[in-house]
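Participant: Please see the structure below; I have some questions.
The values are calculated or read from the model by the stated rules, or taken from the named source; none is laboratory data. From a predicted model like this one, the values you see are computed outputs, not experimental measurements. Glycine also receives a Cβ, built like all others from the backbone with ideal geometry; neighbour counts cover every protein chain displayed. In case anyone asks, the SASA skips ligands and DNA or RNA and just uses the protein heavy atoms, side chains included. Shrake-Rupley method; radii C 1.70, N 1.55, O 1.52, S 1.80 Å.
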Amino acid sequence: MLVLVINSGSSSLKYQVRDVAEGSVLTEGLIERIGVSNGGQGDGEVVGPADHAEALEQVDAAIHEVLGERQLDAVGHRVVHGGERFGEPVLIDNEITRAIERLNPLAPLHNPANVLGIRAITKKWPDMPQVAVFDTAFHRSLPEHAWRYAVPDELYTNHGIRRYGFHGTSHEYVTNRAAALLDIPVEEFDGVIAHLGNGASVTAIRGGKSVDTSMGFTPLEGLVMGTRSGDLDPSILVFLARTGWNAEDLDSMLNRESGLKGLAGNNDMRSVVEAADSGDTRAATALAVASYRLAKYIGGYHVAVGGAKTLVFTAGIGENSHQFRALVGEKLGALGIELDGGLNSERSREPRVISTAASAIPVLVVPTDEERAIAEATAAVVVGR
C-alpha cells in the first residue's frame, strides 16, 4: 500500500510517500511559504503557493515523477490535538473534519493547519481514503490523577481544560522499538521516553501505556524547549498582565522567545553546545537548566512507573546530542544510571544501548520515525474499514 503522509503547518506542507509493505520511503519534501507575501502585511506579492490546495498541486507533480503510473492508496494526516474524543486513528469524513475543526481552540497553532491539509486533499482527490492520526491519542491512557489540574471543575467540564499530552505518535513508536530491542513484550515495558527536539516531552510508560507525560493542555508545559519556556509559576503571567502585557504578548513570549532562545539567545542545541564549549556562560546556564529540568522529570517518572526498567532518548536532540545526554546522565546517579562515554559518543542511526554494564537500568537511543508510524496506522485503518 502506498500512503502519502501529510504534516500541514499554517504556511508549510511536509510530505512523504511510503510503501508500507516494503517499509520504504519513495519520496519526500517540504513546501514552504504558503500564502506568504513580500509586503509584510499580506498586501504584497505572494511569494509561495497561494494556499494549501496550490501547494498540493506541487506535491502531486513531485510524487508523480517518482511514482509514474503507480497510484496512491491513502493519505495519512498528522493531527496535533484529538481532544477527549479521538483515542485512535480514524477514517476521515466531513463530520470528522468538522470535529477536528471544533478542537481548534485547544491547538490554535496546529489544528487549523491540519484541517487545511485535509480539505485540500478532499478537494483534489474526493474519493481518496484519508486517516487522521492524533498526537494526543497515545496519552488517552493517562489516569485521572495524572491528567487533572487542581482548578475548579467547571474549567474542565465547560472548557476541556485538562492535561492531554503530545508527541504521542513518537512515544508509542519508540516504546515498541525499545521493547523489541530489549526483547520483551511491549506489555511488559516500564520505562521513561525522552523525546527531545525543538519541542520536547518526556513520558512515563507502564505496561506499554502512557501513565504520565510532561506536556499538558498545550505543548508548552514541561521541559525547557527550543523557544518554549516549559514549566513556570503561573503567577508570573498574572504579574505581567497587571503591568500591561496582553494575551498575545504572553503567548509570543512563552512560545517563541523563551526556552534555549530566552536563556542563551539561540534555540539550536548544536549552537548552544558549541557556545558553551567556547566559554559562553549564558549557553552553559541554558544547558544546566534544561538538563536539570529533564533529570527531575525522569526521577519523578521513575516513581510513576513503579521503577523504570529503561530510559530512552529519541528525536533530533535525543538522538544526536551526546553532550546533552551526558549532562542529563550526570544528574541521574541516584537512580544508578551510568552512561558509557564511548558508546554515548558514537554516531549511528541504529537503536543502541549507551549505558555501562554496571548501570542499574539500560539507557537506549532509539531513532523515532513518526511518518512511518502514521503510514502504518493509516494502512491499518484503511484495510480494516
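Participant: Quick check: at a probe of 1.4 Å, how many percent of the accessible area of the chain sits on carbon and sulfur atoms?
Facilitator: 50
Participant: OK, next. Need one word for region 33-167: rounded, prolate or oblate. Basis is the Cα gyration tensor (sqrt eigenvalues a ≥ b ≥ c); a/c below 1.5 gives rounded, then a/b vs b/c decides. Mind showing how you got there, number by number?
Facilitator: Numbers: a/c = 2.83, a/b = 1.57, b/c = 1.80.
The shape class here is oblate.
Participant: Please give, to one decimal in nm, the separation of the simple spin-label points placed at Trp245 and Gln58, each 7 Å out from Cα toward the Cβ.
Facilitator: 3.6
Participant: Also, quick follow-up: Go through region 136-147 residue by residue and turn each phi into a ³J(HN,Hα) via Karplus (6.51, -1.76, 1.60, θ = phi - 60°); whole Hz please, and just put x for glycine and proline.
Facilitator: My calculation for region 136-147 gives 7, 4, 4, 8, 5, 7, 4, x, 4, 5, 8, 9 Hz in order.
Participant: Stokes-Einstein D for region 224-265 at 10 °C, 1.306 mPa s, Kirkwood Rh over Cα pairs, in µm²/s?
Facilitator: This corresponds to a translational diffusion coefficient of 153 µm²/s.
Participant: With just the Cα atoms of region 220-349, tell me how far they stretch along each of the three principal axes, in Å, largest first.
Facilitator: Projected onto the principal axes, the Cα atoms of region 220-349 cover 51, 39, 25 Å.
Participant: Put +1 on the Cβ of every Lys and Arg and -1 on every Asp and Glu Cβ in the chain; which of Asn320, Leu343, Ala380 then has its Cα farthest towards the positive end of the dipole?
Facilitator: Working it through, the farthest residue towards the positive pole turns out to be Leu343.
Participant: Now a separate question. For the chain, which DSSP H helices look membrane-span-like by this rule: Cα extent along the axis of 30 Å or more and mean Kyte-Doolittle of at least 0.0?
Facilitator: 281-304
Participant: From the convex hull of the Cα coordinates of region 245-305, what is the mean projected area in square nanometres?
Facilitator: 5.5
Participant: Quick one: Cα centre-to-centre distance for region 261-327 and region 185-213, in angstrom?
Facilitator: 17
Participant: Oh, and also: Assuming a ≥ b ≥ c are the square roots of the Cα gyration tensor eigenvalues, decide whether region 132-192 counts as rounded (a/c under 1.5), prolate (otherwise, with a/b larger than b/c) or oblate.
Facilitator: prolate
Participant: Follow-up question, since we're still on this one. Once a ≥ b ≥ c are taken as the square roots of the eigenvalues of the Cα gyration tensor of region 283-362, is the result rounded (a/c under 1.5), prolate (a/b larger than b/c) or oblate (a/b not larger than b/c)?
Facilitator: oblate
Participant: Tell me the GluC sites (Glu not before Pro) within region 58-131 that lie in a loop according to DSSP and have at most 16 other beta-carbon atoms within 10 Å.
Facilitator: Those satisfying the criteria are Glu69, Glu84.
Participant: Mind checking which of Tyr149, Tyr297, Tyr15 has the largest fluctuation in a GNM of the chain, springs on alpha carbons under 10 Å?
Facilitator: Tyr149
Participant: By what distance, in whole Å, do the Cα atoms of the chain stretch along each of the three principal axes, largest value first?
Facilitator: Principal-axis extents of the chain (Cα, largest first): 57, 56, 48 Å.
Participant: Using a 1.4 Å probe, what is the accessible area per residue for the chain, in Å²?
Facilitator: Values: 17820 Å² over 385 residues.
Spelled out: the 1.4 Å probe surface of the chain, per residue, equals 46 Å².
Participant: Follow-up. Between Gly230 and residues 5 or more places away or on another chain, which pairs have amide H atoms under 5 Å apart, with H built 1.01 Å from N, and which residues are they?
Facilitator: Residues meeting the criterion, in which the H sits 1.01 Å from N, are Met225.
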